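The values are calculated or read from the model by the stated rules, or taken from the named source; none is laboratory data. This structure is a prediction, so every number in the text was calculated from the model and none was measured. Every residue, glycine among them, receives a Cβ derived from its backbone with ideal geometry; neighbour counts consider all protein chains shown. Protein only, heavy atoms only, side chains kept; ligands, DNA and RNA dropped before computing areas. Shrake-Rupley method; radii C 1.70, N 1.55, O 1.52, S 1.80 Å.
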Amino acid sequence: PSEKKTISCFISMKVGLRVSTLPLVVPPSLSSHNFSIGAVHPLTCSPLTYRVISPALFICTANCSISANKIVIALAIENWTPAPAGGLRGASIIDSLDTLYIMGLMEDYNDAKEWVRNSLDLNSNGEASLFEVNIRYVGGLLSAYYLTGEELYRSKAMELGEKLLPAFNTPTGIPRGVINLGSGTSWSWGWASAGSSILAEFGTLHLEFVHLSEVSNNPIYTEKVMNIRKLLNKIEKPHGLYPNFLSPVSGNWVQHHVSIGGLGDSFYEYLIKSYLMSDKTDDGAKTMYYGALEAIEANLVQKSTGGLTYMAEWRGGILDHKMGHLACFSGGMIGIGADDGAPDKRQHYLDLAAEITHTCHESYTRSATKLGPEAFRFDAGAEATATRLSDRYYILRPEVIESYMYMWRLTHDPKYRDWGWEAVEALEEHCRVESGFSGIRDVYTATVSHDNMQQSFFLSETLKYLYLLFSDDDLLPLEDWVFNTEAHPLPIIHKSCLQEEATQEKTVSN
């Protein structure tokens, strides 16, 4: 009964997906891009009665050399799986399942589904990142299940979720970052300070684990993540901030480095999204999120000499005036949380979200390729530009486009679609290669050098957010879905739906 209840409440949210009906009209905000009648669009490989950000951006069908089937088979055979996933194969396949389905690429989606059915082996003895396995594999499988109702994905997600539980066997219940899925042995990353766990890793489990409890009818997953929250509420936070390193043995902070970018980022994202996913009933997550945001504003948010708002990093009270590409998700995060803040802060939060998104757009426009660097600085005369050679690369990251999508949904200001289109053109010009898309080593050089890697998050996040940016708002509406940090949509747990079905079941049984 609980399984049927979950399906009927959640799978019904497919309304608006319109799998066979894709946007065929150029949005008004793109009308200035004067395409000639009958022209072939560089991304769709088709005439201009076309889908603006269509499946063909994901896979060209006519004049391009790549096909979804070739991607899926090649990735499966060649094991192009990011190292953090350890011995698990097919990360790009799992990461792209929902993208294929949402875009209506059903033949290729079915090929991917059969690979999951026949070839996905979860009994890996390699080193696997708890964080990466959770957001890519568990998140991808849960999303595919909720979108399609296929029992295959639910079964695989529950099997994998169970294999992650030994990582929580620590004195505090804070999981270690690395796990052997075959033996259940877990340990901390060798590079992590004093054997610590990472805030953005143990703090980015809540959405998936709550849904694992929903689909399995087993509360253990929710209990694990609520224990993390309980510990975080108990310990002292310097200036209200959450440092990036925590000991899973003592439960104390290891060092006071705070970042809204790498090592910290998605912890904050999952606070507001946990509140939204609970149908705004998780008051604990709400309190933590707005408390953290207040501390971030007081200590990290800065204004450059040129008037750009940015998020600095905090190292024991000393500011490092650097903002990473990863931190650019925060425009969208602050935007989706604006409406539930204090009444006198709501417009302020929306304005702050717009300012940060503008800054991240500036990091793109100030490069020769119109793509943004891995990190950019605001000191020594720098304004939203990378000053170190090691920060000049772009690996197909989604965070800036993610904020464009959210800000478009929230404001319908056409500039966000225009900015997204700039990114589409830059990706096509500088990142497309014969076999797909590649990162580039220096965004400030017009003659690019490719790194020959297509990250799985490009399929899961970058292309999905672009597609949604140019789609109607009722395609995965924000009042029914939240996206995990890998852009896998998970349904909001509408309590009214569950309560109504429980009442109906009780009536029938009587």
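Can you name every residue in region 198-218 that is open to solvent by 20 Å² or more (accessible area, probe 1.4 Å) and more than 14 Å from Ile492 (Cα to Cα)? If the condition is that a residue be open to solvent by 20 Å² or more (accessible area, probe 1.4 Å) and more than 14 Å from Ile492 (Cα to Cα), then Glu201, Ser216, Asn217, Asn218 are the ones that fit. Remark: Leu75 falls outside the filter, which requires a residue to be at pLDDT 95 or above and surrounded by 22 or more Cβ atoms within 10 Å (Cβ to Cβ). Of the residues screened, Leu371 is one that is in contact with a strand residue (DSSP E or B) (Cβ under 6 Å, 6 or more places away or on another chain) and buried (at least 24 other Cβ atoms within 10 Å of the Cβ). For region 414-454, a residue qualifies if it is modelled with pLDDT under 95, of a type in the set (D, E, K, R) and farther than 22 Å from Tyr404 by Cα, and exactly one does: Glu434.
Condition test on Tyr349, is it surrounded by 20 or more Cβ atoms within 10 Å (Cβ to Cβ) and either modelled with pLDDT under 95 or farther than 18 Å from Phe483 by Cβ (or both)? Judged against the criteria, Tyr349 is a match. Of note, Leu410 satisfies the criterion of being aliphatic (A, V, I, L, M) and open to solvent by 50 Å² or more (accessible area, probe 1.4 Å). Considering only residues that are closer than 16 Å to Glu399 by Cα and hydrophobic (A, V, I, L, M, F, W, C), look in region 462-497 and name the one that is surrounded by the fewest Cβ atoms within 10 Å (Cβ to Cβ). Ranking the qualifying residues of region 462-497, first place goes to Val482. Within region 390-410, the set of residues being part of a helix (DSSP H, G or I) and more than 21 Å from the chain's Cα centre (by Cα) comprises Ser390, Asp391.
Screening the candidates Glu132, Glu107 for the property of being in a helix (DSSP H, G or I) and closer than 21 Å to Val210 by Cα yields one hit, Glu132. Only one of the numbered conditions (1) over 20 Å from the mean Cα position of the chain (by Cα); (2) on the phi > 0 side of the Ramachandran plot; (3) not β-branched (Val, Ile, Thr) is violated by His430, and that is (2). Selection of helices (runs of 4 or more DSSP H) fully inside region 185-274 by the criterion of at least 3 residues being free of Cβ contacts under 8 Å to residues at least 12 places away in the same chain returns 220-234. Could you tell me whether any residue of region 290-306 is aromatic (Phe, Trp, Tyr), open to solvent by less than 10 Å² (accessible area, probe 1.4 Å) and part of a helix (DSSP H, G or I)? The answer is no; no qualifying residue exists.
For (1) among the acidic types (Asp, Glu); (2) surrounded by fewer than 24 Cβ atoms within 10 Å (Cβ to Cβ); (3) at pLDDT below 95, each residue gets a yes or a no:
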site: Glu127; (1), (2), (3): yes, yes, yes
site: Gly140; (1), (2), (3): no, no, no
site: Leu152; (1), (2), (3): no, yes, no
site: Glu162; (1), (2), (3): yes, yes, no
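Can you find even one residue in region 414-426 that is open to solvent by 10 Å² or more (accessible area, probe 1.4 Å), of a type outside the set (S, T, N, Q) and either assigned to a loop (DSSP other than H, G, I, E, B) or over 16 Å from Thr365 (Cα atoms) (or both)? Yes, that holds for at least one residue.
Gly335 - would you say it is assigned to a helix (DSSP H, G or I) and open to solvent by less than 40 Å² (accessible area, probe 1.4 Å)? It is true that Gly335 is assigned to a helix (DSSP H, G or I) and open to solvent by less than 40 Å² (accessible area, probe 1.4 Å). For region 436-460, residues that are in a helix (DSSP H, G or I) and open to solvent by 10 Å² or more (accessible area, probe 1.4 Å) total 1.
Return a yes/no flag: does region 218-235 have any residue that is more than 30 Å from Tyr145 (Cβ to Cβ), modelled with pLDDT of 95 or more and charged (D, E, K, R). Yes: region 218-235 contains one or more residues that are more than 30 Å from Tyr145 (Cβ to Cβ), modelled with pLDDT of 95 or more and charged (D, E, K, R).
Assess whether Thr369 counts as being under 28 Å from Gly439 (Cα atoms), assigned to a helix (DSSP H, G or I) and hydroxyl-bearing (Ser, Thr, Tyr). Judged against the criteria, Thr369 is not a match. Tally up the residues in region 402-417 that are touching an Asp or Glu at 6+ places or on another chain (Cβ under 8 Å) and either over 14 Å from Ala354 (Cβ atoms) or not aliphatic (A, V, I, L, M) (or both), please. Qualifying residue count, region 402-417: 2. For region 248-283, the tally of residues that are open to solvent by 20 Å² or more (accessible area, probe 1.4 Å), over 21 Å from the mean Cα position of the chain (by Cα) and not acidic (Asp, Glu) stands at 8.
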